[in-house]
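**Q** Below you'll find the structure I mean.
The values are calculated or read from the model by the stated rules, or taken from the named source; none is laboratory data. Computed from a predicted model, the values in this text were never measured in an experiment. Every residue, glycine as well, gets a Cβ built from its backbone with ideal geometry; the counts of neighbours run over all protein chains shown.
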Amino acid sequence: MNTSIWHQDNAEAVAAEARRLLLKRLPQASRRQFLQRGLTLGGLGLLSGCSIDDNATAEAALARISRFNDRVQGWLFDPSRLAPTYPESMITRPFPFNAFYEETEAPRVDGARFLLEVTGLVADKHRWTLHELRKLPQYTQVTRHICVEGWSAIGKWGGPRFGDFLRAIGADLSARYVGFQCADDYYTSIDMATALHPQTLLALDWDGQPLPPKYGFPMKLRMPTKLGYKNPKHIRAIFVSNTFNRGYWEDQGYNWFGGS
């Protein structure tokens, strides 16, 4: 095969992916302007800072485009815009199990002995019991979980607003990131604007009952403004930071912002 043709084909594929990632999040007026100008290979080079001439360079370019897409999603995120809610009659039953392991391997956490660790830019670093978390104002929502794999399901979650919890621990709300460590070794991080969104819940309940292990006991972060992989389960530690941290799937190529 002519290597110059191969390189050109792969470069075009990278440019097409860049266009797809950007157009997914740009508003309509910006889309028209973007399409009028077009993302050429030269433009892609400006975004990526490199020449697209082999697989390794293409991967590096896509990684830079992914980070650029994260920034675009962050710019466009409206912290006052609510995700759609649904009647309880539309709840998906059974709600799908989804993890990087089989359902029988979901961790079993002793709720009576559980203590939630909080670290980083917070004033109150005492460890929280489930009883203390349930003393915070509780909210419920029926929202759609959207999986990056292409499926979605509607569920009912309950618990304190995560923003209320952050205020209760005296978190620095001007910090950029909130990170999570989980009992199943999962980890991820989110932007502070999403953490403070009124629909972001520190979910303790599923469908009116304490979360079962398969759905994340003792707690999961429920964010209808994010794709499913950004919603960590079995949370055991939370930290507030200005240092960027990625996540389990993000370290394997998924977008960090992960907006739905």
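**Q** Hey, can you tell me all the residues within segment 164-208 that are more than 14 Å from the chain's Cα centre (by Cα) and either modelled with pLDDT under 95 or of a type in the set (Asp, Glu) (or both)?
**A** Asp164, Asp172, Asp184, Asp185, Asp205, Asp207, listed by residue number.
**Q** Limited to segment 229-260, what total is found for residues that are aromatic (Phe, Trp, Tyr) and in contact with a Leu (Cβ under 6 Å, 6 or more places away or on another chain)?
**A** 0
**Q** Next question, about the same structure. For segment 119-150, how many residues meet the condition of being in contact (Cβ under 8 Å) with a residue 60 or more places away in the chain and assigned to a strand (DSSP E or B)?
**A** Summing the residues that are in contact (Cβ under 8 Å) with a residue 60 or more places away in the chain and assigned to a strand (DSSP E or B) in segment 119-150 gives 10.
**Q** Identify, by number, the condition in (1) within 18 Å of the chain's Cα centre (by Cα); (2) surrounded by 12 or more Cβ atoms within 10 Å (Cβ to Cβ) that Thr129 doesn't meet.
**A** (1)
**Q** Restricting the search to segment 137-180, which residues are under 13 Å from Ile238 (Cβ atoms), surrounded by fewer than 21 Cβ atoms within 10 Å (Cβ to Cβ) and aromatic (Phe, Trp, Tyr)?
**A** Tyr177, the sole residue that qualifies.
**Q** So in segment 182-224, with the set limited to residues that are of a type in the set (Ser, Thr, Tyr) and touching a strand residue (DSSP E or B) at 6+ places or on another chain (Cβ under 6 Å), which one is surrounded by the fewest Cβ atoms within 10 Å (Cβ to Cβ)?
**A** Tyr187
**Q** Those residues that are without any contact (Cβ under 8 Å) to a residue 40 or more places away in the chain, over 18 Å from Asn245 (Cα atoms) and in contact with a helix residue (DSSP H, G or I) (Cβ under 8 Å, 6 or more places away or on another chain), I need them from segment 151-196; list them, please.
**A** Gly163, Phe165, listed by residue number.
**Q** Here is a follow-up. State yes or no: is Asp185 over 17 Å from Ser260 (Cβ atoms), in the same structural domain as Pro94 (by TED's automatic domain parsing), part of a loop (DSSP other than H, G, I, E, B) and not hydrophobic (A, V, I, L, M, F, W, C)?
**A** Numbers: over 17 Å from Ser260 (Cβ atoms): yes; in the same structural domain as Pro94 (by TED's automatic domain parsing): yes; part of a loop (DSSP other than H, G, I, E, B): yes; not hydrophobic (A, V, I, L, M, F, W, C): yes.
Yes: the conditions hold for Asp185.
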